[in-house]
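K.L.:
Sharing a structure below in structure tokens format, with a few things to ask.
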Amino acid sequence: MGPSVRSAISPPFRATSYNEIVLSCFTPGTAIATPRGERAVEELRIGDRVVTRDNGLQMIGWTGQRALDHATLAANAHLRPVLLTQGCLGMGLPERDMLVSPNHRFLVANSRTMLPVAAHEALVAAKHLIDSRTIREVSALGVSYVHFTCARHEVVLANGAWAESFHPRDLTLNGMGNAQRTELYEIFPELAEAGSRSLEAPVGVTRH
């Protein structure tokens, strides 16, 4: 089990119920750690295994990819990607520049989250780490969002940094606000028919 982790979604940071899931997507080229080394996220397939922070190797149960063009991004600012430059999270992480969806959360150190020392680390959305220098919103001509799910919500290694995965269970979807649910279905409409099972939070992540 890793150190204590808090989940934060808006300044001032607060613990997040996992009934309040946020949309988290990678973009092509992001390197995901697997037992066979790093693989580009868009190359992962159902049945492949990935390295997780708390639960060892876990099998992928679903993958999805959706391209959003410039017109869509221009009309939907909440879908515009966020750029994290190399080293912006500290300790040289991420190891390479990476684009993610604005609500994609990363495990970051106490010094950046401003949480009490006892909290150690927190899952924080990329959009709440924006500093206009090393982490910033990008007005892209287009973007492809990619994600995969395991049997439950996990924290995985992406470009060397710990980032969350997502699992679209009905418990989670029922806990969403309408705006979050709409955003999710805008990108991955097939998740509107996601199966109904309970969501488990990663070990060490506060659940309320």
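The values are calculated or read from the model by the stated rules, or taken from the named source; none is laboratory data. No experiment lies behind these values; they were computed from the predicted model shown. Cβ placement follows ideal geometry from the backbone for every residue including glycine, while neighbour counts extend to all protein chains displayed.
K.L.:
If the requirement is being in contact (Cβ under 8 Å) with a residue 12 or more places away in the chain, crowded, with 21+ Cβ neighbours inside 10 Å, small (Gly, Ala, Ser) and over 16 Å from ASN159 (Cα atoms), which of these qualifies: ALA126, ALA122?
P.N.:
Answer to the check: ALA122.
K.L.:
Select from the stretch 42-72 the residues that are β-branched (Val, Ile, Thr) and not in a helix (DSSP H, G or I) and write down the one among them that is farthest from the chain's Cα centre (by Cα).
P.N.:
ILE46
K.L.:
State all residues of the stretch 130-140 that are modelled with pLDDT of 90 or more and touching a strand residue (DSSP E or B) at 6+ places or on another chain (Cβ under 9 Å); if no residue qualifies, say none.
P.N.:
ILE130, THR134, ILE135, ARG136, GLU137, VAL138
K.L.:
Take the residues in the stretch 110-129 that are in contact with a strand residue (DSSP E or B) (Cβ under 6 Å, 6 or more places away or on another chain) and among the hydrophobic types (A, V, I, L, M, F, W, C), then tell me which one is modelled with the lowest pLDDT.
P.N.:
It comes out as LEU115.
K.L.:
If you don't mind, another one. Farther than 13 Å from VAL156 by Cα and over 18 Å from the mean Cα position of the chain (by Cα): is that true of ALA75 in this structure?
P.N.:
Here the answer is yes, as ALA75 does meet what is asked.
K.L.:
Go through the stretch 27-57 and count every residue that is polar (S, T, N, Q) and surrounded by fewer than 15 Cβ atoms within 10 Å (Cβ to Cβ).
P.N.:
0
K.L.:
Related question: When you scan the stretch 137-152, how many residues do you find that are surrounded by fewer than 21 Cβ atoms within 10 Å (Cβ to Cβ) and not small (Gly, Ala, Ser)?
P.N.:
5
K.L.:
Read through the list (1) in contact with a Gly (Cβ under 7 Å, 6 or more places away or on another chain); (2) closer than 17 Å to CYS150 by Cα, then give the number of the only condition that ALA67 fails.
P.N.:
The single condition ALA67 does not satisfy is (2).
K.L.:
Please list, ordered by first then second residue, the pairs with beta carbon atoms under 8 Å, 6 or more apart or interchain, first in the stretch 34-53 and on the phi > 0 side of the Ramachandran plot, second of a type outside the set (D, E, K, R) and not in a helix (DSSP H, G or I).
P.N.:
That search, which allows pairs on different chains as well, returns GLY47/MET59; GLY47/ILE60.
K.L.:
Still on this structure: Any chance the stretch 58-81 includes a residue that's at pLDDT 90 or above, crowded, with 16+ Cβ neighbours inside 10 Å and within 16 Å of SER165 (Cβ to Cβ)?
P.N.:
Yes, that holds for at least one residue.
K.L.:
Continuing with the same structure: Pull up the stretch 159-186, narrow it to residues that are in contact with a His (Cβ under 9 Å, 6 or more places away or on another chain) and not in a loop (DSSP other than H, G, I, E, B), then point me to the one that is modelled with the lowest pLDDT.
P.N.:
THR172
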